[in-house]
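A.B. asks: Let me give you the structure first, and then I'll get to my questions.
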């Protein structure tokens, strides 16, 4: 496959956050915001994202008219401290949408419902324990009330050694009557683990089969993605499929890209397409966790940015770091 990626590049960083955690004690986003997923619905732009409050993840929506100025709308998936597998954390990362990278980015229904993929870690704290993957659905056009499918659809115990440490960061799409669930997973949940990206398929969203040649995206030894290849964002670009992902070498996280003709076999572009910024810049440590949408011929690539904390920051995550959501685009953005 020819690795022509010009249509996927977003070299113009905005260099400012589009969303920052509240810094309010007790709020779901007290420490940080993370994992953007941007889409169009009812004539406006929405961002699903997660917040970390020190105990775990919860999921919210923000809304925008111009893709740059975002306002928190509502928390939609909340911790309930009950007995269920997803009672302590609930991190929504994808709602099934149209597949075209250059299209409207609108949500698509199946059986009259919108479908959301999420993951949950079993313990209190930052990503404690081996996460499982679940689904939620809604018929509510406001997208504020979601019903969680009772049991997880994918668990690490049923997987191979590369994914036994936990499953997370889902990308769910439908193509020609089949559902494709891309996810990243780690081989252990303590120490220095390796994260790679796998695939499971289904025809009914209930029964799932892991791809026989997982992981479909693998780490590259001694390269910028030697530790992680994670957080898949899969969209259609003409006659081919594009997967945006991030690579991590245990020092820096940067965005990359892979291409496929059939959603099964993938070829990675050898270099990152969004690199970390300079010292003190918003994304000087991590530029990772992609979400991509097009508007008026401009490609917007949202990602989670992290740098060392500075005096005056509204939030501070536990590492410590200042973790926010920002954007890069295919054309220069207004200041």
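A.B. asks: For segment 159-185, give me the residue count where each residue is surrounded by fewer than 24 Cβ atoms within 10 Å (Cβ to Cβ), part of a strand (DSSP E or B) and more than 15 Å from the chain's Cα centre (by Cα).
C.D. replies: 5
A.B. asks: Let me ask something else. List the strands (runs of 3 or more DSSP E) that sit entirely inside segment 59-153 and contain at least 3 residues that are within 17 Å of residue 19 (Cβ to Cβ), at pLDDT 95 or above and out of contact with any helix residue (DSSP H, G or I) (no Cβ under 6 Å at 6 or more places or on another chain). Walk me through how you get there before you give the answer.
C.D. replies: On the way: elements: 71-77, 91-95, 114-120, 132-138.
So the answer is 71-77, 91-95.
A.B. asks: Now for a different question. Would you call residue 301 in contact with a helix residue (DSSP H, G or I) (Cβ under 9 Å, 6 or more places away or on another chain), assigned to a strand (DSSP E or B) and either buried (at least 23 other Cβ atoms within 10 Å of the Cβ) or without any contact (Cβ under 8 Å) to a residue 24 or more places away in the chain (or both)? Quick ask: steps written out before the conclusion?
C.D. replies: Details: in contact with a helix residue (DSSP H, G or I) (Cβ under 9 Å, 6 or more places away or on another chain): yes; assigned to a strand (DSSP E or B): yes; either buried (at least 23 other Cβ atoms within 10 Å of the Cβ) or without any contact (Cβ under 8 Å) to a residue 24 or more places away in the chain (or both): yes.
Yes, satisfied.
A.B. asks: Only one of these conditions is not met by residue 259: (1) within 30 Å of residue 65 (Cβ to Cβ); (2) touching a residue at least 60 places away in the same chain (Cβ under 8 Å); (3) in a strand (DSSP E or B). Which number is it?
C.D. replies: (1)
A.B. asks: Pick from segment 108-135 the residues that are buried (at least 20 other Cβ atoms within 10 Å of the Cβ) and more than 16 Å from the chain's Cα centre (by Cα): which of them is farthest from residue 56 (Cα to Cα)?
C.D. replies: Step one: filter segment 108-135 for residues buried (at least 20 other Cβ atoms within 10 Å of the Cβ), giving 114-121, 130-135.
When the remaining residues are screened for being more than 16 Å from the chain's Cα centre (by Cα), the result is 114, 130.
Numbers: 114: 25, 130: 13 Å.
The selected residue is 114.
A.B. asks: A further question on this structure: From (1) free of Cβ contacts under 8 Å to residues at least 24 places away in the same chain; (2) closer than 22 Å to residue 27 by Cα, pick out the condition that doesn't hold for residue 176.
C.D. replies: Of the numbered conditions (1) free of Cβ contacts under 8 Å to residues at least 24 places away in the same chain; (2) closer than 22 Å to residue 27 by Cα, the odd one out for residue 176 is (2).
A.B. asks: Can you tell me how many residues within segment 208-242 are closer than 22 Å to residue 132 by Cα, assigned to a strand (DSSP E or B) and in contact (Cβ under 8 Å) with a residue 40 or more places away in the chain?
C.D. replies: Qualifying residue count for the region: 9.
A.B. asks: Now for a different question. From the list 246, 182, which residue is under 28 Å from residue 286 (Cα atoms) and touching a residue at least 60 places away in the same chain (Cβ under 8 Å)?
C.D. replies: Values: 246 fails: touching a residue at least 60 places away in the same chain (Cβ under 8 Å).
Every option except 182 fails the conditions.
The values are calculated or read from the model by the stated rules, or taken from the named source; none is laboratory data. Only a predicted model underlies this, so the values are computations on that prediction, with no experimental measurement involved. No Cβ is skipped: glycine too gets one built from the backbone with ideal geometry, and neighbour counts run over all protein chains shown.
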